[in-house]
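The values are calculated or read from the model by the stated rules, or taken from the named source; none is laboratory data. This structure is a prediction, so every number in the text was calculated from the model and none was measured. Glycine gets a Cβ as well: all are built from the backbone with ideal geometry, and neighbour counts include every protein chain shown. What goes into the accessible areas is simple: the full protein's heavy atoms, side chains included, and nothing from ligands, DNA or RNA. Shrake-Rupley method; radii C 1.70, N 1.55, O 1.52, S 1.80 Å.
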Amino acid sequence: MRRSVVRALIRPLALVAATTVIPLVGAAPVSADNVVVGGFPVDVTQAPWTVALSSRDRFGGTRAGQFCGGVAVARTAVLTAAHCLGDDVLGAPPNRMRDLKVIAGRTDLLSGEGEEIAVSDTRVNPGYDSGTNAGDFAVLTLAKPLPQSAVVTMAGVGDPAYAPGTEALVYGWGDTTGGGAYARGLHAARMRVLSDDLCARAYPGGPQGSYLAASMLCAGEAIGGPDACQGDSGGPLVAAGRLIGLVSWGNGCGRPGSPGVYTRVSEVVRALNAAAGDRTRLHGRS
Ligand code: 4AZ
């Protein structure tokens with residue numbers, strides 16, 4: 001299986017893009033696995049809702065235990081990918097992890113900046129299908145609230161930020177090369193939302209996976225380049241100042257014709273509202 005989410009389950013660190021370089025026309029073909037994912041370093045103050053998920057017990061301390069990304073959608077609620085919390089990633093059910101933390105307000109994982117907040121509850125979307133990756137989201141409850149300024153608005157159904165061609169940015173501490181070079185500092189990569197038709201053609205089923213428009217969206221550039229990668233899973237894709245996607249899966253990183261696939265946040269909003277009824281509506285715009 002080439003689908004990267006499978007690799008993520010085995011080697012859960014994910015990643016983002018680095019400084020890069022689109023191969024010159026006429027250059028020798030670059031092996032797809034070595035394509036550098038194009039992005040740039042950013043300070044977390046530019047995207048304060050971007051958080052790192054950490055367990056030093058499970059992943060060691062060299063990168064503060066970072067293993068996935070996440071995004072604050074309320075002062076005590078962080079969204080991440082369901083596949084980040086699989087038994088095969090964590091080695092135990094998430095609610096049994098004693099040192100599962102969210103790191104907020106920290107650009108360089110190895111600095112003491114920002115804060116590390118304990119996770120008091122984890123809820124994996126009961127509709128998540130690990131076979132198709134549909135519904136790849138989970139909600140973490142924080143033991144201590146973040147400032148309101150660190151919360152991003154979720155884009156609801158019909159939000160124009162989902163329109164194909166919209167510029168979007170993905171954030172994370174994942175692999176910047178596709179070769180396991182996990183970032184110490186937060187990176188971002190700029191790309192465009194792609195049409196459902198194009199995404200479905202890129203992932204028609206079979207070993208590369210199926211694009212399911214109801215619960216996924218895809219983003220990238222036709223020639224490849226900027227993309228999320230291992231270690232970035234669960235992190236934010238933001239357009240027009242609103243959250244539209246969570247890093248979920250893809251065929252490798254930055255490959256032409258293989259855009260990154262994201263959990264569609266409007267579907268997360270719908271599922272959370274349906275689950276919460278009228279008591280605690282976590283609403284997105286429009
Ligand atoms: C991963 O393994 C992963 N290029 C995440 C995103 C993408 C590929 C792999 C998209 O977590």
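Residue check: Val247 meets all listed conditions (1) among the aliphatic types (A, V, I, L, M); (2) touching a Leu at 6+ places or on another chain (Cβ under 6 Å); (3) within 15 Å of the ligand (Cβ to nearest atom) but one, namely (2).
Among the conditions (1) within 17 Å of Ala82 (Cα to Cα); (2) assigned to a loop (DSSP other than H, G, I, E, B), the only one that Val247 does not satisfy is (2).
Ser120 satisfies every condition listed in (1) part of a strand (DSSP E or B); (2) open to solvent by less than 10 Å² (accessible area, probe 1.4 Å); (3) of a type outside the set (Asp, Glu) except (2).
Only one entry of Ser266, Ser286 meets the criterion of being more than 15 Å from Asn133 (Cβ to Cβ) and at pLDDT 95 or above, and that entry is Ser266. Could you tell me which residue of the range 171-184 is surrounded by the most Cβ atoms within 10 Å (Cβ to Cβ), considering only residues that are of a type outside the set (Val, Ile, Thr) and in contact with a helix residue (DSSP H, G or I) (Cβ under 9 Å, 6 or more places away or on another chain)? Selected residue: Tyr171.
The condition of being more than 17 Å from Ala183 (Cα to Cα), in contact with a helix residue (DSSP H, G or I) (Cβ under 9 Å, 6 or more places away or on another chain) and not hydroxyl-bearing (Ser, Thr, Tyr) holds for only one of Val73, Val51, that being Val73. Can you tell me which residue in the range 78-97 is nearest to the ligand (Cβ to nearest atom), limited to those that are open to solvent by 10 Å² or more (accessible area, probe 1.4 Å) and touching a strand residue (DSSP E or B) at 6+ places or on another chain (Cβ under 9 Å)? Result: Gly86. Whether a residue is open to solvent by less than 20 Å² (accessible area, probe 1.4 Å) and assigned to a loop (DSSP other than H, G, I, E, B) was assessed, and Gly135 passes this test.
When Ala183 is tested against the conditions (1) modelled with pLDDT under 95; (2) more than 18 Å from the chain's Cα centre (by Cα); (3) more than 12 Å from the ligand (Cβ to nearest atom), the lone failure is (2). In the set (1) in contact with a strand residue (DSSP E or B) (Cβ under 9 Å, 6 or more places away or on another chain); (2) part of a loop (DSSP other than H, G, I, E, B); (3) within 15 Å of the ligand (Cβ to nearest atom), the condition left unmet by Ala213 is number (3). Within the range 199-241, no residue satisfies the criterion of being open to solvent by less than 30 Å² (accessible area, probe 1.4 Å) and of a type in the set (Lys, Arg). Is there a residue being in contact with a helix residue (DSSP H, G or I) (Cβ under 7 Å, 6 or more places away or on another chain), under 14 Å from Phe137 (Cβ atoms) and more than 10 Å from the ligand (Cβ to nearest atom) anywhere in the range 221-243? Scanning the range 221-243, I find at least one residue that is in contact with a helix residue (DSSP H, G or I) (Cβ under 7 Å, 6 or more places away or on another chain), under 14 Å from Phe137 (Cβ atoms) and more than 10 Å from the ligand (Cβ to nearest atom), so the answer is yes. Taken over the range 123-132, the criterion of being in contact (Cβ under 8 Å) with a residue 12 or more places away in the chain and open to solvent by 30 Å² or more (accessible area, probe 1.4 Å) is satisfied by Arg123, Val124, Gly127, Tyr128, Ser130, Thr132.
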